[in-house]
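J.: Below is the structure I would like to discuss, written out as structure tokens.
The values are calculated or read from the model by the stated rules, or taken from the named source; none is laboratory data. The structure presented is a predicted model; accordingly, all values stated were derived computationally and were not measured. Quick reminder, even Gly has a Cβ in these numbers, built from the backbone with ideal geometry, and neighbours come from all protein chains shown.
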Amino acid sequence: MKQKSIAVVGAAETTKMGRIPDLSVIGLHADAALNAMKDAGLKPSDIDGVATAGASPAELAHYLGITPTYADGTSVGGCSFMLHVRHAAAAINEGLCKTVLITHGESGRSRVGGGGRFGGGGSSLNGQFEMPYGPSGPPTMFTIPVLRYLKTYNLSVEDLAWVSVIQREWAAKNPRASFRDPITVDDVLNSPMIAWPFRMLMCCLVTDGGGALILTSADRAKDFPQKPVYVLGTGESVETQMVSQMEDFTSSKAFRVSGKKAFDEAGIKHGDVDHLMIYDAFAHLPLYGLEDLGFCKPGEAAAFIKERNTAIGGKLPLNTNGGGLSYMHSGMYGMYALQESVRQMRGIAPAQVPGAKISVCHGVGGMFAASGTIIFSNEKV
Amino acid sequence: MPQRMLPEPTPETRHFWEGCAAGELRLQRCAHCGGKSYFPPRPFCPGCGSRDVETYKASGKGVLWSYVINMRPRPDMGTEPYAIAVVQLAEGPRMMTNIVGCPQTPEALQLDMPLRVSFAKQSDTISLPLFEPA
């Protein structure tokens with residue numbers, strides 16, 4: 001990092017220290033955060049970057065009412081916070097954000113409000129205010145906002161089904177795709193009901209797999225054997241760990257913030273985009289993604305897909321590997337979306353988009369909890 | 001059937017769960033920045049960061065905002081499909097819940113239908129705030 005380029009402007013510990021049976025883990029994070037903000041003369045709305053370990057940055061940000069453009073959940077043990085400072089320096093110097101809040105809280109003695117089972121322990125916010133009502137995993141959580149989306153825009157379940165049908169057409173061109181046989185809207189609508197209104201063919205696969213990326217400086221990249229794929233713009237945000245607390249059930253705030261940041265950084269317009277990946281754990285994700293990234297107006301993504309704009313030969317090829325719905329999904333699919341963007345930029349994808357120069361790769365974390373957007377180019381700026 | 005997954009109150013949420021056990025839906029609002037209600041409970045306002053907040057008894061009224069019907073019930077929830085719903089409370093916040101007192105079908109569960117809170121006792125300390133057609 002550049003010398004003397006950032007400084008600590010607020011610092012505080014929790015109000016009490018030692019034995020604090022009246023605060024949970026997230027409460028300790030918040031108490032320290034409020035004290036540090038007071039020390040610095042800042043409000044939560046002045047903070048645009050969060051970093052923490054132990055708690056999720058999404059949990060922290062939403063709890064404090066912060067909408068960040070930078071979130072760091074690096075969690076490597078006791079020195080995590082030194083790493084957070086280092087990342088924050090890089091982030092601020094790079095313009096990802098201006099003011100980073102780094103927090104720590106642990107109820108090591110009193111053991112209030114930690115926990116580890118799916119959805120958090122019984123005393124976590126998810127454990128108290130979502131899990132008692134019977135969610136049994138992503139198919140019954142990620143899908144909850146969708147009936148409101150469909151009603152708001154006067155759409156039907158059939159509109160969702162088209163997402164699966166057209167992505168299967170892409171998968172058919174990919175020899176590594178798990179599912180390659182063509183499907184129809186009727187096939188989707190007759191597949192087993194998982195969680196109304198979601199049927200099996202609207203849900204992602206469950207598979208095994210992995211992936212990795214190696215990055216280096218653009219100056220060095222030209223000396224490597226592969227055609228360099230440059231990072232043109234980046235974005236990130238988090239909203240809430242609780243899907244029930246999304247601000248808008250028809251749109252993801254994390255998507256909007258992350259996407260705008262990436263487009264602003266890249267200095268491109270939507271018409272410049274040749275290829276698009278949107279993490280599709282379920283069939284509604286591409287609809288939210290197309291709208292929240294600004295490719296379509298609210299409520300118009302389903303028609304955009306049905307009219308074959310994202311299909312083979314369309315003007316905005318989307319999820320060209322077949323996506324999580326047909327290609328593969330091992331749990332953290334974002335790596336596979338990135339791999340497909342890189343293949344497209346190298347010009348070696350099984351369903352290659354001819355002449356593609358700019359690829360947008362948009363990911364989701366949790367149930368609309370988090371988002372990251374990377375814009376690639378294969379031309380040196 | 002295994003014991004239903006239940007909330008474990010923390011110091012910051014105990015007033016909410018004590019309210020449910022007493023048959024009251026308790027929300028919080030900021031006394032500093034305009035009285036906006038918020039949920040889930042926390043001892044400060046997520047809008048402005050003020051710790052000057054108050055807890056009050058909410059009306060218990062709302063409308064059905066969105067839901068799914070889980071066709072593969074979690075073992076602690078029985079064997080029949082059930083709706084996992086989000087209710088839009090009259091006071092502004094939304095919360096996850098189950099809808100009781102009506103069939104768990106798309107036909108019976110219409111978005112924006114009026115609902116009112118109904119407390120389902122689970123133990124000596126925990127009653128869950130569920131909602132039924134108003």
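J.: When residue A:67 is evaluated against the numbered criteria (1) in contact with a helix residue (DSSP H, G or I) (Cβ under 6 Å, 6 or more places away or on another chain); (2) modelled with pLDDT of 90 or more; (3) hydroxyl-bearing (Ser, Thr, Tyr), which criterion, by number, is the only one it fails?
T.: (1)
J.: Could you tell me whether residue A:286 is crowded, with 18+ Cβ neighbours inside 10 Å, touching an Asp or Glu at 6+ places or on another chain (Cβ under 8 Å) and not polar (S, T, N, Q)?
T.: Spelling it out, residue A:286 is indeed crowded, with 18+ Cβ neighbours inside 10 Å, touching an Asp or Glu at 6+ places or on another chain (Cβ under 8 Å) and not polar (S, T, N, Q).
J.: Would you mind finding the one in A:26, A:102 that is within 14 Å of chain B (Cβ to nearest Cβ) and either farther than 30 Å from residue A:265 by Cβ or hydrophobic (A, V, I, L, M, F, W, C) (or both)?
T.: A:26
J.: Here's something else I'd like to know. Considering only residues that are surrounded by 14 or more Cβ atoms within 10 Å (Cβ to Cβ), without any contact (Cβ under 8 Å) to a residue 40 or more places away in the chain and among the hydrophobic types (A, V, I, L, M, F, W, C), which ones fall in the range A:215-255?
T.: A:221
J.: What number of residues in the range A:278-303 are in a helix (DSSP H, G or I), under 21 Å from residue A:206 (Cα atoms) and among the hydrophobic types (A, V, I, L, M, F, W, C)?
T.: Summing the residues that are in a helix (DSSP H, G or I), under 21 Å from residue A:206 (Cα atoms) and among the hydrophobic types (A, V, I, L, M, F, W, C) in the range A:278-303 gives 1.
J.: So, restricting to strands (runs of 3 or more DSSP E) that lie completely within the range B:37-134, which ones have at least 2 residues that are under 12 Å from the mean Cα position of the chain (by Cα) and not hydroxyl-bearing (Ser, Thr, Tyr)?
T.: Qualifying strands (runs of 3 or more DSSP E): B:61-70, B:82-89, B:94-97, B:114-121, B:127-133.
J.: Looking at residue A:59 and the list (1) in a loop (DSSP other than H, G, I, E, B); (2) in contact with a His (Cβ under 9 Å, 6 or more places away or on another chain), which single condition is not satisfied?
T.: Every listed condition holds for residue A:59 apart from (1).
Condition check ((1) aliphatic (A, V, I, L, M); (2) away from chain B (no Cβ under 14 Å)) across all residues:
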| residue | (1), (2) |
| --- | --- |
| A:60 | yes, no |
| A:66 | yes, no |
| A:75 | no, yes |
| A:78 | no, yes |
| A:85 | yes, yes |
| A:90 | yes, yes |
| A:107 | no, no |
| A:111 | no, no |
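J.: Go over the candidates A:91, A:40, A:61, A:51 one by one and state the one that is among the aliphatic types (A, V, I, L, M), surrounded by 14 or more Cβ atoms within 10 Å (Cβ to Cβ) and in contact with an Asp or Glu (Cβ under 6 Å, 6 or more places away or on another chain).
T.: A:51
J.: Now for a separate question. If you take the residues of the range B:6-41 that are more than 24 Å from residue B:116 (Cβ to Cβ) and buried (at least 20 other Cβ atoms within 10 Å of the Cβ), which of them is farthest from the other protein chains (Cβ to nearest Cβ)?
T.: The residue in question is B:30.
J.: Restricting attention to the range A:304-325, report how many residues are in a helix (DSSP H, G or I) and in contact (Cβ under 8 Å) with a residue 60 or more places away in the chain.
T.: The qualifying residues number 5.
J.: Also, I was wondering about something else. Within the range A:62-92, restricting attention to residues that are part of a helix (DSSP H, G or I) and hydroxyl-bearing (Ser, Thr, Tyr), which residue is nearest to the chain's Cα centre (by Cα)?
T.: A:63
J.: Limited to the range A:251-290, what total is found for residues that are touching a His at 6+ places or on another chain (Cβ under 6 Å) and aliphatic (A, V, I, L, M)? Outline the logic, then answer.
T.: First pass over the range A:251-290, keeping only residues touching a His at 6+ places or on another chain (Cβ under 6 Å): A:278, A:289.
Within this subset, residues satisfying the condition of being aliphatic (A, V, I, L, M) are A:278.
So the answer is 1.
J.: Give the residues of the range B:83-134 that are more than 15 Å from residue B:61 (Cβ to Cβ), polar (S, T, N, Q) and within 12 Å of chain A (Cβ to nearest Cβ), sorted by residue number.
T.: Hits for the range B:83-134 are B:98, B:104, B:105, B:110, B:122, B:123, B:127.
J.: Residue A:195 is checked against (1) over 18 Å from residue A:286 (Cβ atoms); (2) modelled with pLDDT of 95 or more; (3) surrounded by fewer than 17 Cβ atoms within 10 Å (Cβ to Cβ) and fails just one. What number does that condition carry?
T.: (3)
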